[in-house]
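Asker: Can you keep this structure in mind? I'll have questions shortly.
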Amino acid sequence: MERERWATKIGLILALAGNAVGLGNFLRFPVQAAGNGGGAFMIPYFIALILVGIPLMWTELAMGRFGGHQGHGTMPGIFSLLWRHPAAKYFGVLGLLLPITVFIYYLCVESWTLGFSFFSLTGKYNGALTQEAMGGFLRGYQGLARNDYFHGIYWAYLFFVATAAINYYVLRRGIRGGIERLANIGMPLLIIMAIALVVRVLTLGTPDPSRPDQSVMNGLGFIWNPDLGALANPKVWLAAAGQIFFTLSVGFGAIQAYSSYLGKNDDVALAGVATVSTNEFCEVICGGTIAIPIACAFFGVAATQAIARGGSFNLAFQSMPIVFQHLPLGNIFGFMWFFLLFIAGVTSSVALTLPAVTFFVDELGWTRKKAVNVISIFTFAAANLVIFYLAHGFMDELDFWAGTFGVVLLAFIEIVVFFWVFGKDNAWEEITRGAEIKVPRFFRFVMKYVTPLFLIAILGTWAKSDMMKVLKMEAVPPENRPYVWGARALMLAIIAGFTILVVIASRRGSFSRQRSSEENI
Amino acid sequence: MTTQGYVFMTIAWGIVLALAAFSVTRLLRRKKG
């Protein structure tokens with residue numbers, strides 16, 4: 001069967017950027033920068049971008065293209081091509097587990113942004129002008145409390161179903177008609193809305209002249225005033241590397257699935273740099289200028305620090321709606337903020353589902369329609385657990401293992417397999433073949449030695465500082481522990497399911513099959 | 001915001017915009033070519 005292709009290079013880049021640009025760009029980045037040395041944070045940040053971010057982007061794009069033209073767009077098949085060992089394909093199960101697990105809880109958060117877009121336009125949260133009142137609105141919406149705003153979880157469930165349906169529709173339409181079309185429309189819209197919000201924030205000045213310390217400039221100062229002493233703290237360097245990791249969405253197996261729909265000699269080097277550029281524009285310029293500075297202008301630096309410590313979700317869903325209610329045309333700006341987050345979310349969530357869909361099509365010979373139906377039904381059912389057990393730490397557990405620890409682990413395995421097992425020369429040939437820019441040769445050294453060491457340092461530090469605490473559930477109240485075990489059981493069930501499917505695919509002879517690129521065209 | 005803050009913000013924005021400009025010009029050159 002002919003393998004689908006991206007219609008245009010710009011479409012591919014926008015889809016890759018859509019995968020990379022997510023809620024983290026607008027929420028996680030400013031909080032990380034402000035808490036880790038301000039402007040000084042950007043020194044380890046850009047170093048990590050060069051030593052970890054760009055190398056992993058190129059590696060994943062090249063691996064995907066390599067696998068794709070031999071009929072394998074997901075990690076089990078790609079690993080079995082790169083590493084001729086019977087165990088290789090089983091390491092690839094991580095590349096199916098991680099995106100699906102993250103998708104299960106990401107779908108819920110994405111649906112909140114759609115819901116809040118609607119409430120911004122209808123003015124449903126108008127009048128909730130304090131953190132307590134808006135916190136009550138958010139908890140009511142999430143079904144965690146019954147109050148004057150919500151009597152149940154019906155609204156949240158309605159938007160959850162709508163979000164799942166949008167994801168389903170895009171995936172059913174395939175690469176060109178679905179994902180690429182979504183990116184072609186969604187990404188320019190996202191960038192336009194982000195720039196409009198940046199302009200609105202930068203022209204706010206000092207909203208309350210009686211409080212001259214509460215200004216946008218002081219908000220920008222909160223993010224950018226450098227504390228050079230922070231550079232001596234290894235945690236700041238790890239935080240920067242971690243941020244680069246999450247912002248580029250590397251380590252999920254999703255980028256490989258995207259690039260598997262490229263031709264054998266299509267460029268990946270310039271596509272990788274263009275994707276990184278778009279992501280960094282949305283993060284450093286837009287992300288750093290919207291949420292935190294506007295919060296500082298209305299609440300002051302000290303209160304914003306407290307909000308930021310409360311987490312990104314509180315900043316996005318609790319504090320920002322209060323701010324928008326103080327602005328002329330606040331409902332429109334509120335809609336733009338939440339709809340921007342929704343677009344960032346949906347262009348990322350379709351990417352998270354694509355590896356599983358591609359696996360079923362490539363390795364088990366299913367039709368796209370059947371694969372999308374099965375994956376959508378499973379993830380919809382599993383996401384219900386996240387919605388109804390939200391208060392019990394179900395989402396946090398999935399996020400730590402899949403969205404935090406797992407992605408670094410998979411990225412480490414990827415770069416070792418590509419540069420050490422497949423070989424540095426072969427890997428370099430894959431990255432540079434068809435390249436429309438000259439890739440500096442020093443990246444050969446960086447990718448073989450520096451990037452893996454950086455990833456080991458992140459993994460080692462997390463293993464030492466967080467893993468045992470999470471494993472032993474030290475921070476989990478006793479009444480929530482059955483739910484956390486439930487989240488672990490879900491992940492183990494997904495691992496078991498995909499492992500069985502890899503065995504079935506292996507017995508079908510899928511992993512011994514290598515189609516030539518000519519057959520695919 | 002302090003002067004150092006302005007300097008760090010300007011440099012960071014400059015790097016990002018330079019990266020974006022590089023990508024766009026290369027993509028345009030490719031299209032023309």
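The values are calculated or read from the model by the stated rules, or taken from the named source; none is laboratory data. If you're wondering where the values come from, they're calculated on a predicted model, not measured in any experiment. Because the Cβ atoms are built from the backbone with ideal geometry, glycine has one as well, and the counts that use them run over all protein chains shown.
Asker: Taking A:LEU12 as meeting all but one of (1) under 30 Å from A:SER510 (Cα atoms); (2) more than 14 Å from chain B (Cβ to nearest Cβ); (3) buried (at least 24 other Cβ atoms within 10 Å of the Cβ); (4) not basic (Lys, Arg), write down the number of the exception.
Answerer: With (1) under 30 Å from A:SER510 (Cα atoms); (2) more than 14 Å from chain B (Cβ to nearest Cβ); (3) buried (at least 24 other Cβ atoms within 10 Å of the Cβ); (4) not basic (Lys, Arg) applied to A:LEU12, the lone miss is (2).
Asker: Same structure again: Residues in the range B:11-33 that are under 15 Å from A:TRP224 (Cα atoms) and either charged (D, E, K, R) or more than 9 Å from every other protein chain (Cβ to nearest Cβ) (or both): how many?
Answerer: 1
Asker: Give the residue, chosen from A:GLY229, A:GLY221, A:GLY205, that is under 30 Å from B:THR3 (Cα atoms), surrounded by fewer than 21 Cβ atoms within 10 Å (Cβ to Cβ) and touching a Ser or Thr at 6+ places or on another chain (Cβ under 9 Å).
Answerer: Within the list A:GLY229, A:GLY221, A:GLY205, the selection yields A:GLY205.
Asker: Something else now. Sort through A:PRO76, A:PRO44 and tell me the only one that's assigned to a helix (DSSP H, G or I), in contact with a Leu (Cβ under 8 Å, 6 or more places away or on another chain) and within 30 Å of A:MET217 (Cα to Cα).
Answerer: Just a single option satisfies the conditions, and that option is A:PRO44.
Asker: If you don't mind, another one. Pull up the range A:443-477, narrow it to residues that are among the aromatic types (Phe, Trp, Tyr) and at pLDDT 95 or above, then point me to the one that is nearest to A:ALA62 (Cα to Cα).
Answerer: A:PHE443
Asker: Select from the range A:15-41 the residues that are assigned to a loop (DSSP other than H, G, I, E, B) and either under 15 Å from A:ASN184 (Cα atoms) or more than 11 Å from chain B (Cβ to nearest Cβ) (or both) and write down the one among them that is modelled with the highest pLDDT.
Answerer: A:VAL21
Asker: Could you list, in sequence order, the residues of the range A:383-437 that are assigned to a helix (DSSP H, G or I), charged (D, E, K, R), in contact (Cβ under 8 Å) with a residue 40 or more places away in the chain and closer than 30 Å to B:LEU28 by Cβ?
Answerer: A:GLU430
Asker: Looking only at the range A:422-454, filter to residues that are of a type in the set (A, V, I, L, M) and more than 14 Å from chain B (Cβ to nearest Cβ); which one of those is nearest to A:GLY272 (Cα to Cα)?
Answerer: Out of the qualifying residues, it is A:ILE431.
Asker: Which condition number does A:LYS370 fail, the rest of (1) assigned to a helix (DSSP H, G or I); (2) of a type in the set (Lys, Arg); (3) at pLDDT below 95 being met?
Answerer: (3)
Asker: Out of the residues in the range A:310-325 that are without any contact (Cβ under 8 Å) to a residue 60 or more places away in the chain and assigned to a helix (DSSP H, G or I), which is nearest to A:ASN25 (Cα to Cα)?
Answerer: A:MET320
Asker: Filtering the range A:255-285 down to residues that are closer than 30 Å to A:ASP208 by Cα and surrounded by 24 or more Cβ atoms within 10 Å (Cβ to Cβ), which residue is nearest to the other protein chains (Cβ to nearest Cβ)?
Answerer: Applying the filter and picking the extreme gives A:VAL284.
Asker: Filter the range A:206-218 down to the residues that are small (Gly, Ala, Ser) and within 13 Å of chain B (Cβ to nearest Cβ) and list them by number.
Answerer: Listed by number, the list holds a single entry, A:SER215.
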